[in-house]
1. Go through segment 223-241 and give me each residue that's over 22 Å from the mean Cα position of the chain (by Cα) and within 16 Å of Ala9 (Cβ to Cβ).
2. Counting just the residues of segment 99-137 that are among the small types (Gly, Ala, Ser) and more than 22 Å from the chain's Cα centre (by Cα), which one comes out modelled with the highest pLDDT?
3. Quick check, is Glu200 among the charged types (D, E, K, R), at pLDDT 95 or above and under 30 Å from Arg76 (Cβ atoms)?
4. Across segment 223-234, which residue is farthest from Arg162 (Cα to Cα) among those that are assigned to a helix (DSSP H, G or I) and touching a Ser or Thr at 6+ places or on another chain (Cβ under 8 Å)?
5. Please name all residue pairs, on different chains or six or more residues apart, with Cβ atoms under 8 Å, provided the first residue is in segment 11-37 and is over 19 Å from Arg225 (Cα atoms) and the second residue is surrounded by fewer than 12 Cβ atoms within 10 Å (Cβ to Cβ) and not basic (Lys, Arg).
6. Would you point out which residue out of His284, His263 is within 16 Å of Ala9 (Cβ to Cβ) and either over 16 Å from the mean Cα position of the chain (by Cα) or buried (at least 19 other Cβ atoms within 10 Å of the Cβ) (or both)?
7. Using the structure shown, decide if Pro140 is farther than 17 Å from Val52 by Cβ, at pLDDT 95 or above, within 18 Å of the chain's Cα centre (by Cα) and not aliphatic (A, V, I, L, M).
8. Mind checking whether some residue in segment 176-188 is in contact (Cβ under 8 Å) with a residue 40 or more places away in the chain, hydroxyl-bearing (Ser, Thr, Tyr), out of contact with any helix residue (DSSP H, G or I) (no Cβ under 8 Å at 6 or more places or on another chain) and under 17 Å from Val260 (Cβ atoms)?
Amino acid sequence: MWARVLGSAAGGGFPQWNCTCPVCRAVREGTRPTRARTQSSVAVSGDGERWVLLNASPDIHAQLGSFPSLRPSGRREVPLSAVLLTDAELDHTLGLLLLREGGGLTVHATEAVHDTLCDGTSVLRTLEAYCPVTWQPVVPDVDVALGGGLTYRAFEVPTTKRARFGATGRRGRVVGYRLTDAGTGRALVWLPAVQALTPEVRERIDGCACLLVDGTCWSDDELVRLGLAGKTARAMGHLPISGPDGSLEQLSSLRIGRTVYVHLNNTNPILLEDSPERRVVEEHGAEVAVDGLELQI
């Protein structure tokens, strides 16, 4: 299995266009070692020929153009077979609209996500006006073949985050994906949004060869402390990295071959390659994703 991190930042990218936090200033001014990043999305293939997208960010045009394996050949043809959605967030779905010039698109999404994209944000309704859209319902804990030797099994990721569209308490609002290579049996887990590592979520992660996991904020009060928001990371649906109950400590007890933090908010100090926080992550054996990171699993 091959994976390419197309974008590694959270919504708004890095630097965020309207932010003057210390981390955004550092990348703009070049005063600290760090790299700009686009919004979170990943391409995965089992054979190196047919690819699926894990979420479709608003930066998808530039991301596809930067990846030779997904550049067009023939008459506007690209080897992109499907998009797997973890939720209905705008930074994970607006890229669908930018794929409207294609001959059609298969979208894998839970019923809750599908309904939100049709009746809430209208992303799918708008896309359907331009090209055929095939909805593949995602049912947690059911194996689905993707072709090229890949299968996936989605799993529920509980959240109490307030839904801007649709019902807050509805199941299937957020899911993760465990993708397995039939030839090797090795698995990649895609989990860009997780509020809590419940026993059920930990069970789905355990034993994977590679985990691409939510690294939105370093600390729970990060945005509050900077005066940029009135909500904690957890209130926004994201488990912070640091602390005794943060993801870094919790994940260290699981059997994971490689842990890579993705979906990095522009305020997160681990974006700075010389920061103490970055050093702590690396001392725990985890990695910080950059755009263009390629993984062979």
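The values are calculated or read from the model by the stated rules, or taken from the named source; none is laboratory data. Because the structure is predicted, anything quoted here is derived from the model rather than measured. Using ideal geometry, Cβ is built from the backbone for each residue, glycine included, and neighbour counts are taken over all protein chains shown.
1. Selection gives Leu228 alone.
2. This residue is Ala129.
3. No: the conditions fail for Glu200.
4. Of everything passing the filter in segment 223-234, Arg225 is farthest from Arg162 (Cα to Cα).
5. Short answer, once both residue conditions are applied: Arg32/Asp274; Pro33/Asp274.
6. Just one listed residue meets the conditions, His263.
7. In short, yes.
8. Within segment 176-188, one or more residues are in contact (Cβ under 8 Å) with a residue 40 or more places away in the chain, hydroxyl-bearing (Ser, Thr, Tyr), out of contact with any helix residue (DSSP H, G or I) (no Cβ under 8 Å at 6 or more places or on another chain) and under 17 Å from Val260 (Cβ atoms).
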